[in-house]
Structures are given as C-alpha cells and as structure tokens.
1. Build a GNM of the chain with springs between Cα atoms under 10 Å: which of 131, 91, 34 gets the top mean-square fluctuation?
2. Which value, to two decimals, describes the C-alpha radius of gyration of region 1-93 once divided by 2.2 N^0.38 Å?
3. When only C-alpha pairs under 8 Å and at least 6 residues apart count, what is the relative contact order of the chain, in percent?
4. When only C-alpha pairs under 8 Å and at least 6 residues apart count, what is the relative contact order of region 15-91, in percent?
5. Measuring from a point 7 Å past the Cα of residue 46 along Cα-to-C-beta, which residues in region 126-151 have an amide N at less than 20 Å?
6. If a paramagnetic tag sat 7 Å from the Cα of residue 1 along the Cα-Cβ line, which residues of region 84-105 would have the backbone N under 15 Å from that point?
7. Taking 0.36 nm per residue of sequence separation and subtracting the Cα-Cα distance, how much length would be gained by fully extending the chain between residue 60 and residue 124, in nm to one decimal?
8. Between region 85-158 and region 1-70, how many Å separate their Cα centres?
Ligand code: ADP
C-alpha cells in the first residue's frame, strides 16, 4: 500500500490545500494529513479545531486521515508507514524554503522522498494568512476556504 504524508500547519485549511489533498488521494492508496505543532508559530486555531476543520473538508475522500503531532515530519511519516512527504509549491519563494526542508529530510532519512505538487494557478496566491486577512476585512471567502469551514472562520475574525 502506497502511503503519503502531507504535513503542514493548516491554520486553517484552504481550497489550495484541499486541491493538493484531492490530487494526492488520486495518486496514493492513503494520504495522512499531519498537523504539525510548531513551537515557533502561534496558531490562530487550536490543533484540535484545525483537525476538525480538515476532517469536515475531506469527508468526501475515503482514503484520507488527519493526525496531530509535535514530532518531526519524517518521524510522523515513519509512524504511519509513509515513505513519501507531499508539499505544495506555489511560487519560487516556496521552492527555496521547500528545497532546504527536503534536503534536510533527505540527510535525516534517505528512505523518505519529498514529492512536490505544483499549485493550480488559480490557487497560487492562496495561503492561510491571506484567508485570515480577508476574513478580517469581511471579504467573501467562498473562493478561498472549503464551504464547510467558512462560517467558523468568519465567526473567529469578524
Ligand atoms: P507550513 O507551515 O508547513 O508551510 P502550510 O499549512 O502553510 O504549512 O502549508 C502546507 C503545505 O501546503 C506547504 O507545502 C505549502 O507550500 C502548501 N500550500 C499552501 N497553500 C497552498 C496552495 N494554495 N496551493 C498549493 N499548495 C499550498
């Protein structure tokens, strides 16, 4: 069984993340989404809330699971039998950071490969921070967030 891990903050999940998840779920037998707790970041939503929001957004996908962890991505991958880490690339700026992460992970564990999926052009400007900024200004979030989480994000920021 080919299992992939998609690690990130997902604070909150956007339709850009969801697109990467749907595409990965078509390539792999199982996709484990890992909400990684980063002690250097102060999230807007608790990890439990983020997990709930992702679970609601991926309810239509049978081969996707969501976990929360404070371990390194490669450790979480090993725990779940995943040999592939999925990351999304929106622009060159993402690539520089992702390249560093991927080569570090390569040095830590040669068995685990990082696979980059290129963002759809219509989602390449999207990020969780953009979503939160627009929510603060009462903008329409329909083209940014999965339908199932819009009310919750609006409530938090308005
Ligand atoms: P992190 O804090 O690890 O960067 P994010 O939740 O911001 O976590 O992103 C997780 C992954 O999803 C990253 O690889 C990021 O580049 C990718 N990603 C974020 N937004 C998009 C998008 N709109 N389209 C495609 N990939 C995206």
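1. 91
2. On the way: Rg = 12.4 Å, N = 93, 2.2 N^0.38 = 12.3 Å.
Against the empirical 2.2 N^0.38 Å value, I get 1.01 for region 1-93.
3. Numbers: 245 pairs, mean separation 45.1, N = 158.
The value is 29 percent.
4. On the way: 67 pairs, mean separation 28.9, N = 77.
Result for region 15-91 is 38 percent.
5. Zone members listed by number: 149-151.
6. Residues 84 fall inside that zone.
7. On the way: separation 64, 0.36 × 64 = 23.04 nm, distance 2.35 nm.
The residue 60-residue 124 span can extend by a further 20.7 nm.
8. Each part reduced to its Cα centre gives a spacing of 11 Å.
No lab work stands behind these numbers, since they all come straight from the coordinates. Values in this document were obtained by computation on a predicted structure and should not be read as measured data. Neighbour counts run over all protein chains shown; Cβ positions are idealised from the backbone, glycine included.
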